[in-house]
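A short write-up of the structure that comes next.
The values are calculated or read from the model by the stated rules, or taken from the named source; none is laboratory data. A quick note: this is a predicted structure, and the numbers were derived from the prediction, not measured. Cβ placement follows ideal geometry from the backbone for every residue including glycine, while neighbour counts extend to all protein chains displayed. For accessibility, only protein heavy atoms count, side chains too; no ligands or nucleic acids. Shrake-Rupley method; radii C 1.70, N 1.55, O 1.52, S 1.80 Å.
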Amino acid sequence: MQYKVLALDLDGTLTNSDKIITPRTKAALQAAAQKGVCIVLASGRPTVGIEPLAKELELEKYGGCILSYNGGKIIDCKTGQTLVQHAFPVDLIEPVCTFSRYWNIVPLTYDKNGIVTENPDSPYVQEEARINKIPARQVENLPAEIQWPINKLLLVGDPVDMPHVEELMQQKFAGKLSIYRSAPFFIETMPLGVEKSASLALLLKNMGLGPENLMACGDGWNDLPMIRYAGMGVAMGNAVPEVKQAAQYVTADNEHDGVGLAVEKFILEDPQ
């Protein structure tokens, strides 16, 4: 069996618009896990927002992983051990938040209970809360509030403004942070060099494997490095054009078992 590790983006990939895993896809993933494939739930979501899906797929039983914060952290579901951890630079929290406020973009981060932000009523903060099924807590001053290690700051705002804001941020924080959009209304700001493929490379190395043993499925801009890195990069039918162009295979969309169909084709039908 060539593909021993299966990395899956969540929103727009593993889950449909109702944020659930369809029955055919769930069955295919459980069959792959029973075959010995290590399933990695690879998302920009915080760890707490991924855990329910990991439990649904019984990754603690089969031995999968949670890759949260776009690679900022990887946890072994079976042991609970943190395998990879990247902390956001403390000295850049205030500058990123100040920059965001100037452009009417809302910064947020996470604690063990949910979202922490200065504007929980923003519709885009509410969307992040809905996606992860976690509450949003209001604070007066986010940089002053953050007294614990964080893995990322998520910036949320009007999709019309975000491409320009992202470009400006890339210029201002060049060589200091990794910055990319994960949705039209989300900009991920991460420690420099942190993205899904870099953390997956560390995981594969620890397992004695290489990119040729990795199959990855995704739909968004933040999935591009992972799609390019994997031995089999699979774009969803609903993926942005750049992801489709980078992928070796384009499957059905997330409403029509795209992940399940790709797993059936490349893993379950593998005769080895």
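With a probe of 1.4 Å, find how much accessible area the chain has per residue, and write the answer as a whole number in Å². Numbers along the way, then the final one.
Numbers: 11270 Å² over 272 residues.
Per-residue accessible area for the chain comes out at 41 Å².
Pairwise over distinct Cα atoms, reciprocal of the mean inverse distance: report the Kirkwood radius of region 233-272 in Å, one decimal place. Each step should come with its number before you reach the end.
Working: mean 1/r = 0.0974 Å⁻¹.
This gives a value of 10.3 Å.
How much net charge surrounds L153 when only the other residues with a Cβ under 11 Å from the Cβ of L153 are counted, with Lys and Arg +1 and Asp and Glu -1?
Working: positive: K152; negative: E94, E188.
Net charge around L153: -1.
Mind jotting down the three principal axis lengths of region 141-201 based on Cα atoms? Whole angstrom, largest first.
Its Cα atoms span 35, 31, 20 Å along the three principal axes.
Once you keep just the Cα pairs under 8 angstrom separated by 6 or more residues, what percentage relative contact order results for the chain?
21 percent
At q = 0.12, 0.16, 0.24 Å⁻¹, what is the base-10 log of I(q)/I(0) for region 116-222 according to the Debye formula with one equal point scatterer per Cα and no solvent? Please give it to two decimals.
Log10 I(q)/I(0), no solvent term: -0.53, -0.89, -1.38.
Quick check on my link table: of K61/K152; K55/K112; K26/K244; K176/K244, which ones sit more than 26 Å apart, alpha carbon to alpha carbon?
Working: K61/K152 29 Å; K55/K112 18 Å; K26/K244 23 Å; K176/K244 29 Å.
Check vs 26 Å cut-off fails for K61/K152; K176/K244.
Which value, in debye to the nearest 20, gives the size of the charge dipole of region 169-270 about its Cα centre, when Lys and Arg are +1 and Asp and Glu are -1 at the Cβ?
Working: 8 positive and 12 negative charges, 132 e Å.
Charge dipole, region 169-270, about its Cα centre: 640 debye, nearest 20.
In whole percent, what relative contact order does region 157-241 give with Cα contacts below 8 Å and a gap of six or more residues? Don't skip to the answer; put the middle values down first.
Working: 110 pairs, mean separation 18.6, N = 85.
Over region 157-241, the number comes to 22 percent.
Calculate the length of the line joining the C-alpha centroid of region 67-115 to that of region 196-234, in whole Å.
Each part reduced to its Cα centre gives a spacing of 21 Å.
Counting Lys +1, Arg +1, Asp -1, Glu -1, what net charge surrounds E167 among other residues with beta carbon under 12 Å of its beta carbon? Before the final figure, lay out each step's value.
On the way: positive: K172, R181; negative: D161, E166.
Counting the neighbours of E167, the net charge comes to 0.
I need to check one value: relative contact order of region 1-77, counting alpha carbon pairs closer than 8 Å and at least 6 residues apart, in percent.
Relative contact order comes out at 29 percent.
In the chain, what percent of the accessible surface is made up of carbon and sulfur (1.4 Å probe, ligands and nucleic acids excluded)?
Values: 5740 of 11270 Å².
Here it works out to 51 percent.
Over the chain, one equal point on each Cα, no solvent: what is log10 I(q)/I(0) by the Debye formula at q = 0.10, 0.13, 0.14, 0.15 Å⁻¹?
Evaluating at q = 0.10, 0.13, 0.14, 0.15 Å⁻¹ gives log10 I(q)/I(0) of -0.47, -0.80, -0.93, -1.06.
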